[in-house]
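Visitor: One structure follows; several queries about it will come next.
No lab work stands behind these numbers, since they all come straight from the coordinates. In this text the structure is predicted, and so the values were computed from the model without any measurement. Glycine also receives a Cβ, built like all others from the backbone with ideal geometry; neighbour counts cover every protein chain displayed.
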Amino acid sequence: MLVAGSRANAVPADRAATLTRSQTTGRYFVNFRSRPGYLFGHTFIVLGRFDPARGPRELQYAGIYPLDGQRGLIIGSVVPVRASIRGVEEDFNKRPNNIYRRALTAREYAFLSTALKQARMRSWKWHLVFANCNDFAISTAKLLGLRTPSSWLLPPSLSPSYAC
């Protein structure tokens with residue numbers, strides 16, 4: 001069974017992109033990130049491979065998002081709406097508030113990569129309170145056997161909590 005890393009594995013957002021291979025302690029990784037966003041912020045994951053010469057590579061961004069954009073966010077505050085697992089422009093362009101990076105083995109990376117591909121093919125529902133971005137990140141962490149924070153935390157508080 002996998003266990004969460006120590007607090008030493010938690011990386012401030014301004015340093016995560018510049019880590020060397022020795023600092024990540026592994027060739028593969030998953031980041032649990034939060035960023036500013038509509039209302040409360042947003043939590044998502046980034047799965048990737050670390051190349052010591054070139055830095056992070058083969059990045060896969062994934063979060064749960066309503067299919068109808070802001071309209072879906074508003075309606076999803078009241079009733080569940082259709083959603084999908086994907087990365088959106090803000091995930092790539094907005095600076096994260098927090099990043100918790102967990103080194104992965106090749107086997108864990110392959111397992112999580114396959115799980116993300118399967119998740120992208122499923123139908124999803126999004127709800128502001130009961131089926132949101134925190135729930136998606138937490139379910140991903142549980143696949144790795146990590147201890148997880150409460151889904152009731154706001155996204156800026158959630159990412160560092162995986163290191164508890």
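Visitor: Tell me, what ³J(HN,Hα) does each residue in the range 126-135 have, in order and in whole Hz, if you take phi through Karplus 6.51 cos²θ - 1.76 cosθ + 1.60 with θ = phi - 60° and put x for Gly and Pro?
Guide: After applying 6.51 cos²θ - 1.76 cosθ + 1.60, I find 10, 9, 3, 9, 9, 7, 10, 5, 4, 4 Hz.
Visitor: If amide hydrogens are placed 1.01 Å from N in the peptide plane, which non-local residues have theirs closer than 5 Å to the one on HIS42?
Guide: ARG35, GLY37
Visitor: Quick one: if the Förster radius is 30 Å, what FRET efficiency do ARG54 and GLN118 give, using the C-beta to C-beta distance and rounding to 0.05?
Guide: The pair ARG54/GLN118 has a calculated efficiency of 0.55.
Visitor: Let me ask something else. I'd like the Karplus ³J(HN,Hα) series for the range 30-46: coefficients 6.51, -1.76, 1.60, θ = phi - 60°, whole numbers in Hz, and an x wherever there's a Gly or Pro.
Guide: With coefficients 6.51, -1.76 and 1.60, one gets 10, 9, 9, 10, 10, 8, x, x, 3, 6, 9, x, 8, 10, 8, 10, 10 Hz.
Visitor: What is the distance in Å between the Cα centres of the range 107-152 and the range 28-106?
Guide: 11
Visitor: Determine, for each peptide in 120-130, 64-74, the mean count of other beta carbons within 10 angstrom over its residues, then list the peptides with the highest first.
Guide: Ranked from most to least packed, the peptides come out as 64-74, 120-130.
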